Structure formats: C-alpha cells, structure tokens
Amino acid sequence: MPQRLGALFLLVVLMSPSGAAAQDGGAYFEFLLARRLEGQGDFAGAQAALERAAKVDARSSEVRAELGAFHLRRSQPEEAEGAAKASLAIDSNNPEAHRVLGLVYAGYADGGNQQRGPNPQAAQFLKDAIMHLELASASPLASDLVLNFTLGRLYLRAGTPDKAVQSLTRVVGQNPGSMQARLLLAQAHAVSKDLPAAISTLEAIVDDEPRVAAALGQYQEQAGLLREAAATYTKALAVQPMSRELKSRRITALYNAKDYATAATFAADARRQHPEDARFPRLQGRALFDAGDRLGGILVLEAAAKTFAKDTPTLYALADIYRDAGRGVDAEQALRQVLVLEPTNPNALNYLGYLLAMRGDKLDEAVQLVRKALESEPDNGAYLDSLGWAHFRRGDLAEAEKYLSAAAQRMPGNSEVQDHLGDVFARRGRIEDAIAAWTKALDGDGEDVDVAALRRKIDDARTKNRR
C-alpha cells in the first residue's frame, strides 16, 4: 500500500505537524506516521497512529496487517494475532497477515507465549503456522528470510525434511554466511538421508566459522568418513578446548577408523586433563589393547575399575577386555560386579548368560540370566540368540531352534546368529537347512565368526549329504 503514494505526498507527510497532517492525510498518513514514529522509538505513538488509521479506513486489510506486524515486532503475540485475523477477515489473501499469523502460531507451537503456559495445542499450532506461512511464501514475501527460516524449522519439526531443504536453501542462497541457516539446512539434509549434502553445506563455512565443526564431524562420522571426522573435531576443539564430549568423539572416530595408537594417545591426554571422567580410561584401555599392548590396556582398565568402583560401564568394559584376552573367569567376575550394582541391567544379564553358555558352564543359570534380560526387551535379537545358544549347549535342541530362528529373523545379516542356527539344524539332522544358514553367515557381516571354519562346515555337510 505505501508504495502507491507519490514521492511528493510522502515528503509532505514527513514534514507536516502531526495534528494538521492527521486531518489531511487520513489512513495513509497515519500509516506512514506510524512507521516514522516507530523508527524514532515512539512505540506508543506508532500504535496510536495505526489504530487511528484502522478507524479512518475500516475496510483496510493492509492497515490491520501492519498493526499485527507492529505488535509482532513488539513481542505482543496475542495482539498481533487479533490484528492479523481482523486483516484476513477483510482480505483472506493478505500475505502480510498470513506471515504475522504464521509467526505467531510458530511461537505458540514452540511454547514461546509465557502467558499461555504449557500448550497442549502445540501440534495444531504447528500445522496452522505452516499453513499461514506457506500462503505468505506464495506472494512477494517469498524472499523473506525470517519467513523461510521459520518455515524450514517448522517443516523439520513436522517431519517433512524435503520441504525444509527447499525453504532453507532459499535462506542460505540469500545469506550464505548464516551459521544458523546452514546448521538447520544440514540437519534437514541429514534427516532426508542425504549426508553428502549435509556435509557440503557445513564444509563451505567451517574454516571461517569453526563453530559448525562439531555438527560437521557428526555427519562425517555417520557417513563413515572417520578420519575426516577426527580432523573436524580437532577444529571444533580449537573453539572449545575443554569439551570432553568433543574429545570423546574424536577418540571414538579414530578408534573406529582402526587408528588405535592415535586414539590411545588422545585418550591418555584427555585422561590427564579430565581425571574425573571415566570415559577416557575406558577408551584408552580399549585402544591400547587393540593396538597390541594387551597388558597395558588391561592395566589401565583395572586401575579405572578401582578408581570408579561404582561405574558400571567401566566394569562392563573390563569384562569385555578380559573376555577378549581369554580370561573368562575374570570376565565373569566383572559382570557379576555389574549385576551387584544394577541387578536388572539387561545387557549385563545377557552378556553373563552368553559367556557361561559359550563356556558350557552353569547352563541352567545362563538360561535364567538371559530370560531375565528378555523380560526387559523381549524382541532383542541378540538376547534371543544368547538364549537359543544356552539351550543348544544344554542339549535342548527344540528350544534352541525356537529362539535362534527368532533371532535370525530379527538379525538376518548377523553372521554369528546364522552360524548358531546352522549348528542347531546340523545337530537335528537337517543338513540342507544347516548349509543354507551357514551360507547366510558367510554372506553376513562377518563379525565374531571364523570364516575358514564356516567353509569347512559347509564342505563337510555337503560331503555327508552326497553319501
């Protein structure tokens, strides 16, 4: 509306005393006067001018939309909502009124209206906010940065990341250096399962804005770019040098990249800097062990278990390293310490039960332990595998097949589960089924199985089948 005023009229408006001009300028004058007063910090005067304009031109949708925008800028959402609704009652297509109402509802959906308190209608407000902002974005307001940023954020919250990408790409296109816009756009790409796009979105500014490095490192980790992630976490640590979380992520990325020596070095440094954090001796001990210093790794974890005597993750890690070192009795003792501290810990119950089953020792207890773990997670494929294997070692082949078949359905790519199921089939004389299961084990993830032994079992079974 104000664009239709001629330059001469605008000059007259700005130079006229407010009283005389109010008589001559009508609604248009009051509209422009409000803009000038607001710019001068006279908010009461600006509001009064807009309200006079609304009275002078009772059918002006634009004036009411501007009044709504004014209240929105003044953080008065209920007043903004009322004015925007009044504008849309006159002209249902007013883009500014839709923008104001969309932003107000976005605030309500976020719980931003303190007067309303916790809002059970958040889902409806989210839906309404998107609707109004979409209507506004179909107008010349499509280039509005706040509108598109808010719409992108709401799309993410509503579970439509593809739309979020479109809105946030517009924001980044207009403001390529915006850290917040790029972080949100990267998140939208990641939720859309386009990790390369998420990574490139943040790589473009990470050197100039290292505060995005932490998020970039996470996306690189998810994409399997482990060494790149470790280097990015180093950039993030330059900004937050005492961040234990970033140090832990960097060590974990290096460990998963099988750079055990560097992971152990960084873990030792972090351990000295943060002696109260049990994560770092756990990481150091595991990295040392896998780097070849088996005794050194065990000693670090044993010392940590004494220092953090009630830290169950440390005891669990110690049990794990004992098992890998072939010290099954020590592993059992560490797991029993976990269960003293946390008697219903399902992972420890399952681990101890499986450990006993693998040793063929205390098999009745092994079955009881894993059954207790399954009470917490009845569909857990790993637990079902443990219970099936305990029954197998006890000679209960029907029960073994029951639980191992269920585990194989839930974990079809797990080589160890398929290997166990093949062993059950073979013991029951179902050679073709055994061969099929062992073949799936060969095609699976390859973890915790002896590939050469698997091939021998298949060859032996085929030989027997031909006789």
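The values are calculated or read from the model by the stated rules, or taken from the named source; none is laboratory data. The structure presented is a predicted model; accordingly, all values stated were derived computationally and were not measured. Using ideal geometry, Cβ is built from the backbone for each residue, glycine included, and neighbour counts are taken over all protein chains shown.
Structure above, values below:
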{"quantity": "Number of the condition not met by Thr265 [criteria: (1) of a type in the set (Val, Ile, Thr); (2) touching a helix residue (DSSP H, G or I) at 6+ places or on another chain (Cβ under 8 Å); (3) more than 28 Å from Asn380 (Cβ to Cβ)]", "calculated": "(2)"}
{"quantity": "Residue identified as assigned to a helix (DSSP H, G or I), at pLDDT below 90 and surrounded by 22 or more Cβ atoms within 10 Å (Cβ to Cβ) among Glu38, Glu51, Glu30", "calculated": "Glu30"}
{"quantity": "Every residue from the stretch 432-449 that is loosely packed, with under 12 Cβ neighbours inside 10 Å and closer than 19 Å to Ser386 by Cα", "calculated": "Glu447, Asp448"}
{"quantity": "Spans of helices (runs of 4 or more DSSP H) in the stretch 150-208 with at least 3 residues within 20 Å of Thr232 (Cβ to Cβ) and under 18 Å from the mean Cα position of the chain (by Cα)", "calculated": "179-191, 195-203"}
{"quantity": "Test: Arg359 is surrounded by fewer than 21 Cβ atoms within 10 Å (Cβ to Cβ), of a type in the set (Lys, Arg) and either at pLDDT below 95 or in contact with a strand residue (DSSP E or B) (Cβ under 8 Å, 6 or more places away or on another chain) (or both)", "calculated": "yes"}
{"quantity": "Arg250 being farther than 23 Å from Val165 by Cα, touching a Ser or Thr at 6+ places or on another chain (Cβ under 7 Å) and either at pLDDT below 95 or not aliphatic (A, V, I, L, M) (or both)", "calculated": "yes"}
{"quantity": "Number of positions in the stretch 218-234 that are over 16 Å from the mean Cα position of the chain (by Cα) and in contact (Cβ under 8 Å) with a residue 24 or more places away in the chain", "calculated": "6"}
{"quantity": "Hits in the stretch 280-317 (condition: under 28 Å from the mean Cα position of the chain (by Cα) and farther than 18 Å from Val340 by Cα)", "calculated": "Phe280, Pro281, Arg282, Leu283, Gln284, Arg286, Ala287"}
{"quantity": "Qualifying helices (runs of 4 or more DSSP H) (wholly inside the stretch 327-414; at least 2 residues being closer than 30 Å to Thr439 by Cα and in contact with a Ser or Thr (Cβ under 7 Å, 6 or more places away or on another chain))", "calculated": "346-359"}
{"quantity": "Residue within the stretch 415-423 that is at negative phi and touching a His at 6+ places or on another chain (Cβ under 6 Å) present", "calculated": "no"}
{"quantity": "Among the residues listed as Val104, Val146, the single one being within 27 Å of Glu66 (Cβ to Cβ), more than 20 Å from the chain's Cα centre (by Cα) and buried (at least 21 other Cβ atoms within 10 Å of the Cβ)", "calculated": "Val104"}
{"quantity": "From the options Gly429, Gly388, residue that is at pLDDT below 95 and either crowded, with 18+ Cβ neighbours inside 10 Å or within 21 Å of Thr463 (Cα to Cα) (or both)", "calculated": "Gly429"}
